[in-house]
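Step one of this worksheet: look at the structure below.
The values are calculated or read from the model by the stated rules, or taken from the named source; none is laboratory data. Note that the structure is predicted; figures quoted are calculated from it, not measured. Cβ sites come from the backbone with ideal geometry, for glycine too, and all protein chains shown count toward neighbours.
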Amino acid sequence: MPRELVAVFGLGAIGLLAMQLCRISGASLVIGVDPLPLRRTVATALGADVVLDPREGDVGLEIRRMTDKEGVDVALEVSGTPRALHQAVRATRFRGTVGVVATYPGGADQLFLGQEFHRNATRLISCRTASEPHEDFTWSAARVQRLAEDFLRTARLRVDGIIQPIVPFDEAAEAYRSIDEHPEGCVKLGVRFTA
């Protein structure tokens, strides 16, 4: 991905890690999109060039404007919301790629494939995670783990700010209830187990 333009839709733990991996791989512009202020703040701290709030307008159009109307080379949809998938398609350049990392168990009622999708010959790639080997990625799980550990050890992949809040095990049920009611206070819940 050297010099590619990338947008990551959904800045939870997976999106924040994916955003950093795009940068490590050489992306020249990394745009993060998420409605939650805490996640946008963490994305900025972890190296996003621009963060956008999808509730404040048409992010597909805004990304087009930011890229001289061309769009990004790659959009990763990590949020699991059909609207974000639609905006990822809209934000992607002619013959660009949308990597669909998330799943859509309720369907994708806000995804409209009759517009930019057909005109731009957008490639949709499902990121299958159920088994090895993936057709395009034949590394073993052990090799992937060694690479991830190397990224963490050399501080190329940062996790500061991603796991918050961290609560003791006996407070986990209440923490999940709180996150369900107030998702803006969490990126990824951490549960501390003590011996």
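Being free of Cβ contacts under 8 Å to residues at least 60 places away in the same chain and part of a loop (DSSP other than H, G, I, E, B) is the filter; apply it to segment 74-105 and report the residue that is nearest to Gly15 (Cα to Cα).
Thr103
Quick one: how many residues across segment 23-46 are touching a Lys or Arg at 6+ places or on another chain (Cβ under 7 Å), in a loop (DSSP other than H, G, I, E, B) and touching a residue at least 40 places away in the same chain (Cβ under 8 Å)?
2
Where residues in segment 76-106 are modelled with pLDDT of 90 or more and of a type in the set (Ser, Thr, Tyr), which of them is surrounded by the most Cβ atoms within 10 Å (Cβ to Cβ)?
Top of the filtered list is Thr92.
Can you find, within segment 1-21, the residue that is surrounded by the most Cβ atoms within 10 Å (Cβ to Cβ) among those that are closer than 19 Å to Leu152 by Cα and not hydrophobic (A, V, I, L, M, F, W, C)?
Ranking the candidates gives Gly15 first.
Restricting attention to segment 141-179, which residues are of a type in the set (Asp, Glu) and closer than 17 Å to Ile14 by Cα? It would help to see each step written out before you state the result.
Taking segment 141-179 as the starting set, the residues that turn out to be of a type in the set (Asp, Glu) are 149-150, 160, 170-171, 174.
Those that are of a type in the set (Asp, Glu) and closer than 17 Å to Ile14 by Cα: Glu149, Asp160.
Out of Gly15, Gly32, Gly10, I need the residue that is in contact with a Leu (Cβ under 6 Å, 6 or more places away or on another chain) and within 23 Å of Gly57 (Cβ to Cβ). Which one?
When all the criteria are applied, what remains is Gly32.
Just need a number here: residues in segment 154-195 that are of a type in the set (D, E, K, R), under 22 Å from the mean Cα position of the chain (by Cα), more than 17 Å from Arg40 (Cα to Cα) and exposed (fewer than 12 other Cβ atoms within 10 Å of the Cβ).
Of the residues in that region, 1 qualify.
Out of segment 22-46, which residues are under 30 Å from His182 (Cβ atoms), surrounded by 20 or more Cβ atoms within 10 Å (Cβ to Cβ) and of a type in the set (A, V, I, L, M, F, W, C)?
Once the filter is applied, which keeps residues that are under 30 Å from His182 (Cβ atoms), surrounded by 20 or more Cβ atoms within 10 Å (Cβ to Cβ) and of a type in the set (A, V, I, L, M, F, W, C), segment 22-46 yields Cys22, Val30, Ile31, Val33, Val42, Ala43, Leu46.
So Leu52 fits all but one of (1) modelled with pLDDT under 95; (2) touching a helix residue (DSSP H, G or I) at 6+ places or on another chain (Cβ under 6 Å); what number is the exception?
Status for Leu52: all satisfied but (1).
From the residues in segment 120-141 that are at pLDDT 85 or above and more than 20 Å from the chain's Cα centre (by Cα), which one is surrounded by the most Cβ atoms within 10 Å (Cβ to Cβ)?
Asn120
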